[in-house]
Structure formats: C-alpha cells, structure tokens
Amino acid sequence: MSLKSHQIGKIIKPKGIKGKVLIKLFTDFPKNLKRNTVLYLQEDLFEKNRLLIEKIVCDGGIATIKFYEVNTREKAQELKGSSLFIPSCKSPKLPANSYWIYQIIGLDVYDENDRHLGKIEEIMRTKVNDIYIVRKEGDTCKKKEYLIPAIKDIVKKIDLNSKKMVIKMMAGMEDI
C-alpha cells in the first residue's frame, strides 16, 4: 500500500555546478520545505525515489534547492522536468473552501448552464488571485482557452468527488 501524496513542485533546470536545481513551487507553504525535508520524484513515494533537502532558498514561486544526493550539474540536469512530491500527511490543514493545486488541476469546468468549457490544465499564480487556465479541444484541432479568475464571484462550486467546477461566465471571458 502506498501513501497518498501530492505534487509540491517541478524541477525547472540545474543552477550552478554543485548540483543545485531551480524548482517551480506549487505550494502556498514553502516555509514547510526546509533542511532535511524528504521529497519524492514519484507519486508513489518509493524509497528509491527519495531526495533529502540540504539547503533551500525561496523567492516567490521559485526555489533553489540543493539535495544531499545531487552533487554535480550533470546529476541535476538528469532531474530536469521531474515532479516533486510530499506525503499528504505532511501538509498543513487548509481552511474551508481552500484547495491544493493538485486537487484543482484536471477538474472539468462547466458554466451555470451546464456547458462544458474544458479542463483546468494550469494555474497561473498572481499576487491578487490565481487564474485557472481551462482548455478544450475544438473541432478544428485548435484548443479553446479560458482564463478563469479564482474568485468567489466567478467560481460557484467545486466538487472534488465528481472532479467538477461550476463557474459564472462574465462579460469578456469568452473573447480569449
């Protein structure tokens, strides 16, 4: 039986020659990532995919991390593009009506008339509020894209069990 986990970041690229990597963070709690925190390269949390943080410096949504197990640029380069996971039991409890990024990515999005708009493929982090990037394949092999502000006036319902979000379409949202 494997532990539940969620993605907290993705390795963007190596930094320097001593094995440091740049990470795009998918967490609002980077302070929980500190020296000797264990991260995993696989969602299943197998011990062989374990990395231990030696040093971390966060700057907004980006972190520079040095892992004990990675000591060369070449080894860091091998990790480029890898997702990083943490056991869910190590995550702080969220307030009501708050969600982890991994819970939002992949939700099917519908308007209030039950029209399917697509799936949430990305979340753009801004200083004011997150923006959900919703895409749907079109008949012309072109993807239709919506940028949905993550605010109460727009997001009316999130049902994690049915993997569904209902939004209120506002003027201009369909013009993208």
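Coordinate-derived values only; no laboratory data. The structure displayed is predicted, hence computed values, not measured ones. Cβ atoms come from the backbone with ideal geometry, glycine included; neighbour counts cover every protein chain shown.
Worth a mention:
- Largest-first ellipsoid semi-axes for segment 54-145, taking √(5λ) over the Cα gyration tensor eigenvalues, angstrom: 33, 19, 12
- Within segment 47-72, backbone nitrogen closer than 16 Å to the virtual label 7 Å beyond the Cα of R125 toward Cβ: 56-65
- Per-peptide packing, taken as the mean over residues of other Cβ atoms within 10 Å, places 60-71, 16-27 in the sequence 16-27, 60-71 from highest down.
- Pairwise Cα distances in the chain exceed 29 Å in 31 percent of cases.
- Pairwise FRET efficiency - K163 versus L52, Cβ, R0 = 35 Å, nearest 0.05: 0.55
- Extreme residue, positive dipole direction of the chain, given options Y40, I158, L107 (C-beta unit charges): Y40
- Positive end of the dipole of the chain (Cβ unit charges, origin at the Cα centre): among Q7, N49, V128, the Cα lying farthest that way belongs to N49.
- Translational diffusion coefficient of segment 101-169 (Stokes-Einstein, Kirkwood radius from Cα pairs, 4 °C, 1.567 mPa s): 107 µm²/s.
- Legend: residue pairs K4/K31; K18/K48; K4/K127, Cα-Cα distance threshold 25 Å; pairs beyond threshold, K4/K127.
- D (Stokes-Einstein, µm²/s), Kirkwood Cα radius, segment 5-90, 1.002 mPa s at 20 °C: 172 µm²/s
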